[in-house]
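One structure is given below, encoded as structure tokens.
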Amino acid sequence: MNRRDVTDVGKDFDRYLRDLLADFHREPELSHQEYNTTRRIRQELEDMGVEILPSGLKTGLVARITGGRPGPVIGLRCDIDALPIAEDTALPYASQTPGVMHSCGHDFHTVTMLGAARLLKEHQAELPGTVKIVFQPAEETADGAVEVLKEQLTDDCRLFLAVHSYPHFPAGTLGLKTGPVMAAVDRFKVTITGRGAHGAEPHKGIDPIPVAAALVQSLQTLVSRVLDPFSPAVCSVTHLESGNTWNVIPETALLEGTIRTLNPADRVTMREGFCRMTEAIASAWGAKADIEWFAGPPAVINDERLTALCIREASAMGFAVDRQEDTMGGEDFSQFIQSVPGVFVRVGTGGDCPSHHPHFTVDPAALTGAAQYFARMASVCLESLADD
Ligand code: NI
């Protein structure tokens, strides 16, 4: 097929996307509660004649565009949920739900993929394979991707591309970089149990507070002394609690926090080091440490070859391509690309205000280009897989 065709848009296309963005932005819904959002996505896809795959998902859905020519299956992925943040923008279409806001651009992602769906549907006959589009719920709570994967609707996808807005680039710029681009996110909770005593008689108890204090200090040495200094990692103790008055040595202390790593080997090293250090420090004081470990999504690692293809097409379409900044934030898109290649594409949406902020906005001027880019990439990827 002449793949340039897939980016041809009618004159109402940009208006359509802008209106949709306003509608989704006005009515944000929290993770696992994206009922109206899902209903609207479904309605738009049905109006386009795009097939929606039956599933047990309460929110979110998977659409399928089966090409007129046989070929491989690939996946496009966006997320659809909002955040518990009170919007403080002057947008005419600001959130009408108090305390809930699309401040991570998932409304932009949703509309981008609806736009891509429309373009791909118009060129369905020429497509050499099948495109599945995942409208994923609950990215912010990091469990939506796993829910979608359990439905086994995307098991045949040979690669995935994901969209994310990026406020630090203007519209017309894409952030594309090979290798790790988002961190693995692990969470820990430690309960240190000593023995309570009178504040005047510490020798009759086992004080958990100095144990916790030693632990907070020592944990930082994991990053600085155990890992390669060129390999980024973060260990943050974000919650520390013990005791409730001035003259009683408490029985327990609680520590909570997160460990972020970019490299899978470091993730293992950090967990082992964390457990070893925590148990050893507690036992050195005669106390006991109970460790609860919550493994979050793995790091998002952009595939080298696919990223090169994404960069080539971006340049051919006239986008500026920037090496996106690294972040130790997490993204559960990684769950989709544990056994197939994927690329997390950052789309410049301007504004320069970081996401998850009450002032966050996206520039609607970025919509049409983003939709065209994912439609084009879908057809390019199908062709390149067929050539393999
Ligand atoms: Ni996000």
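The values are calculated or read from the model by the stated rules, or taken from the named source; none is laboratory data. The structure displayed is predicted, hence computed values, not measured ones. For neighbour counting, all protein chains shown are included, and Cβ atoms are generated from backbone atoms with ideal geometry for every residue, glycine included. These area figures cover heavy atoms from the full protein model, side chains too; ligands, DNA and RNA do not enter into them. Shrake-Rupley method; radii C 1.70, N 1.55, O 1.52, S 1.80 Å.
Other residues whose C-beta falls under 13 angstrom from the C-beta of Val268 contribute a net charge of 0, scoring Lys and Arg +1 and Asp and Glu -1. Counting protein heavy atoms only, segment 271-364 has 50 percent of its accessible area on carbon and sulfur, 1.4 angstrom probe. For the chain, the mean residue ellipticity at 222 nm estimated from helices alone is -10000 deg cm²/dmol, where every DSSP H run of n ≥ 4 contributes -39500 (n - 2.57) and the total is divided by all residues, rounded to the nearest 500. When the square roots of the Cα gyration tensor eigenvalues are ordered a ≥ b ≥ c, the ratio a/c for segment 323-373 is 1.5 or more and a/b does not exceed b/c, which makes its shape oblate. Of all stretches in the chain that contain no chymotrypsin sites (Phe, Trp or Tyr not before Pro) in a DSSP loop with at most 12 other Cβ atoms within 10 Å, the longest one is 1-229. Here's how it looks for Val185: its modeled amide H is under 5 Å from those of Gly296, which are all 5 or more places away or on a different chain. Comparing Lys288, Lys121, Lys204 in a Gaussian network model of the chain where C-alpha atoms under 10 Å apart are linked, the largest mean-square fluctuation is found at Lys204.
By the Stokes-Einstein formula, at 1.306 mPa s and 10 °C, segment 75-186 with its Kirkwood radius over alpha-carbon pairs has D equal to 98 µm²/s. In straight-distance terms, cross-link reach from Lys177 covers every one of the aspartates and glutamates whose alpha-carbon lies under 17 Å from its own, apart from those fewer than eight places away in the same chain; here that gives Asp303, Glu304, Glu313, Asp322, Glu325, Asp326, Glu331.
Using a probe of 1.4 Å on the protein chains alone, the accessible area found for His357 is around 60 Å².
Can you tell me what share of the DSSP beta bridges in the chain is antiparallel? A percent to the nearest 5 is fine. For the chain, the DSSP antiparallel bridge percentage is about 65. Distance distribution note for the chain: the fraction of Cα pairs above 29 angstrom is 48%.
I'd like the orientation of helix 106-122 relative to the chain: the angle between its Cα long axis and the longest Cα principal axis, in ° from 0 to 90, rounded to 10. That works out to roughly 30 degrees.
Shape index of segment 126-264: Rg/Rh, with Rg the Cα radius of gyration and Rh the Kirkwood radius from the inverse mean 1/r over Cα pairs, equals 1.17. Starting from the Cα gyration tensor of segment 86-152, take the square roots of the eigenvalues, sort them a ≥ b ≥ c, and report rounded, prolate or oblate (rounded when a/c is under 1.5, otherwise prolate if a/b is larger than b/c, else oblate). Oblate, since a/c reaches 1.5 and b/c is not below a/b. Only residues of segment 321-360 count here: report those whose backbone N is under 18 Å from the spot 7 Å along Cα→Cβ of Val234, or say none. Inside the label zone: 324-334, 353-358. Each 10 Å bin, from zero up to the one with the longest distance, holds this percent of the alpha carbon pairs of segment 218-282: 19, 46, 22, 11, 2.
Per atom type, segment 158-230 shows carbon and sulfur on 59% of its accessible surface, probed at 1.4 Å. For the chain, the per residue solvent-accessible surface stands at 42 Å², with DNA, RNA and ligands left out and a 1.4 Å probe. For a straight C-alpha distance cut-off of 29 angstrom, the lysines reachable from Lys288 (same-chain residues fewer than eight places away being disregarded) are Lys189, Lys204. Within the accessible area of segment 56-99, the carbon and sulfur atoms contribute 55%, probe 1.4 Å, all protein chains present. Relative to the longest principal axis of the Cα atoms of the chain, the long axis of helix 208-221 lies at roughly 50 degrees. For a straight C-alpha distance cut-off of 22 angstrom, the lysines reachable from Lys150 (same-chain residues fewer than eight places away being disregarded) are Lys58, Lys132. Rg and Dmax, both from the Cα atoms of segment 1-111 and both in Å, are 15.8, 49.
Comparing Cα centroids, segment 155-231 and segment 27-74 end up 35 angstrom apart.
For the chain, take the longest principal axis of its alpha carbons; what is the angle in degrees between that and the long axis of helix 35-48, to the nearest 10 within 0 to 90? Tilt relative to the chain: about 20 degrees. The label point for Asp88 and the one for Thr141, both projected 7 Å from the Cα toward the Cβ, are 2.7 nm apart. Shape analysis of segment 278-388 places it in the oblate category; the axes a ≥ b ≥ c from the Cα gyration tensor give an a/c of at least 1.5, with a/b not above b/c.
Put Val268, Val73, Val321 in order of accessible area, highest first, and with a 1.4 Å probe you get Val268, Val321, Val73.
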